[in-house]
Amino acid sequence: LLTLASGAALANYPEKPVNIVVPFSAGGPTDKVARDLAEALRKPLGATIVIENVGGAGGTLGATKVAKAAPDGYTLLLHHIGMATSPALYRNMQYKTLDDFEYLGLINEVPMTLIAKPSMPANSYAELAKWLDANKGKVNLGNAGLGSASHLCGLLYQSTIKIDMTTVPYKGTGPAMTDLLGGQIDLMCDQTTNTTSQIEGGKVKAYAVTSSKRLTAPALAKLPTLDEMGLKGFSVNIWHGVYAPKGTPKPVLEKLAAALKVALADADFHKRQEALGAVIVTDNRVNGAEHKKFVESEINKWGPIIKAAGQYAD
Ligand code: MLT
């Protein structure tokens, strides 16, 4: 009887709302990608999609929740490069990135911007570099905790310019941005999905982008790359992917993968994301197997870099 019931359940999936866990606060870049994606996914999946923000510990709390959730297709994770950086930062993580998830598609890649509080007395990257040098030991850098994209960028930036800063962790760069706007923190490296509107509105000071090439979005096109500013080879791009708990049945994964493919082709989704500097993935990493291989290569790439920078969470 059980197999009959589960067979019917599989065939009728989804029969109730699907929960997408975002491992950071509402209003931040990860949340924005998730809500944009949910908008495009609702119809092809044929389900109501509920976004659940589970912040903390650089995204590892939310990822743990999904790793331990029932593998029934009703709890998914939308996460990012933190899937690859957290293993080097947390010695007793509650999940194994490559073993405890079924990999659905990679969604997009998002560059980052180096921004400062509105009162920062520097109007170019060169002036910012001088200010940072003159204020060594007094600079407060905001991020979303160890394992977050803003943490990774900040870590690389500090080790490249050899200036250590006090990092102030938040449950997401949504709340961190509030404190930057208020001047409680000085500096942050955050994704364009969160910073473009603030830069356009002149609400923050913006100095550079972390991509290897300048960006085309009008509000960002005038920003130099950090590589141009002398940080040779500096390049950080934040990718986002979708994950389900290990053991989610194949028919469910196939329905999710097919719906994701339709969502990624949605013109409005492209428009919303591209206006914020994001690039939708169109290569074979939209398939789970290649997405997983890519994450494995990212774990191998960032692990040694993070260890060399010598920061651990516990
Ligand atoms: C990050 O730095 O990882 C993200 O900006 C966190 C967030 O989405 O708030």
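The values are calculated or read from the model by the stated rules, or taken from the named source; none is laboratory data. Model, not experiment: these values are computed from the prediction. Cβ placement follows ideal geometry from the backbone for every residue including glycine, while neighbour counts extend to all protein chains displayed. Accessible surface areas use protein heavy atoms only, side chains included; no ligands, DNA or RNA. Shrake-Rupley method; radii C 1.70, N 1.55, O 1.52, S 1.80 Å.
How many residues does the range 41-63 hold that are away from the ligand (no atom under 16 Å from the Cβ) and either open to solvent by 20 Å² or more (accessible area, probe 1.4 Å) or of a type in the set (V, I, T) (or both)?
The total comes to 7.
Conditions: (1) under 30 Å from K203 (Cα atoms); (2) among the aliphatic types (A, V, I, L, M); (3) open to solvent by 50 Å² or more (accessible area, probe 1.4 Å). M120 meets all but one. Number of the miss?
(3)
If you scan the range 16-34, which residues turn out to be within 16 Å of the ligand (Cβ to nearest atom), outside any helix (DSSP H, G or I), of a type outside the set (V, I, T) and touching a Leu at 6+ places or on another chain (Cβ under 9 Å)?
Scanning the range 16-34 gives a single hit, P23.
Of everything in the range 193-205, what is assigned to a helix (DSSP H, G or I) and more than 11 Å from the ligand (Cβ to nearest atom)? Give them in sequence order.
T196, S197, Q198, I199, E200, listed by residue number.
Across the range 212-233, what is the number of residues that are buried (at least 21 other Cβ atoms within 10 Å of the Cβ) and within 19 Å of Q158 (Cβ to Cβ)?
1
Being over 20 Å from the mean Cα position of the chain (by Cα) and either part of a loop (DSSP other than H, G, I, E, B) or within 16 Å of the ligand (Cβ to nearest atom) (or both) is the requirement here; does M112 meet it?
Spelling it out, it is not the case that M112 is over 20 Å from the mean Cα position of the chain (by Cα) and either part of a loop (DSSP other than H, G, I, E, B) or within 16 Å of the ligand (Cβ to nearest atom) (or both).
Only one of (1) within 15 Å of the ligand (Cβ to nearest atom); (2) of a type outside the set (V, I, T); (3) more than 28 Å from A221 (Cα to Cα) is not met by L37, so which one is it?
(3)
Find the residue count for the range 164-185, including only residues that are open to solvent by less than 10 Å² (accessible area, probe 1.4 Å) and more than 13 Å from the ligand (Cβ to nearest atom).
1
D190: within 27 Å of N135 (Cα to Cα) and out of contact with any helix residue (DSSP H, G or I) (no Cβ under 8 Å at 6 or more places or on another chain), yes or no?
Answer is no for this residue.
So which residues in the range 155-191 are at positive phi and without any contact (Cβ under 8 Å) to a residue 60 or more places away in the chain?
K162
Of the conditions (1) over 26 Å from N53 (Cα atoms); (2) open to solvent by 10 Å² or more (accessible area, probe 1.4 Å); (3) not in a helix (DSSP H, G or I), A208 fails just one. Which one is it?
(2)
Between residues in the range 73-99 that are in contact (Cβ under 8 Å) with a residue 40 or more places away in the chain and part of a loop (DSSP other than H, G, I, E, B) and residues that are within 16 Å of the ligand (Cβ to nearest atom) and among the polar types (S, T, N, Q), which pairs lie under 7 Å by C-beta distance while being six or more apart or on different chains?
Once the first residue is in contact (Cβ under 8 Å) with a residue 40 or more places away in the chain and part of a loop (DSSP other than H, G, I, E, B) and sits in the range 73-99, its partners that are within 16 Å of the ligand (Cβ to nearest atom) and among the polar types (S, T, N, Q) give Y90/T60.
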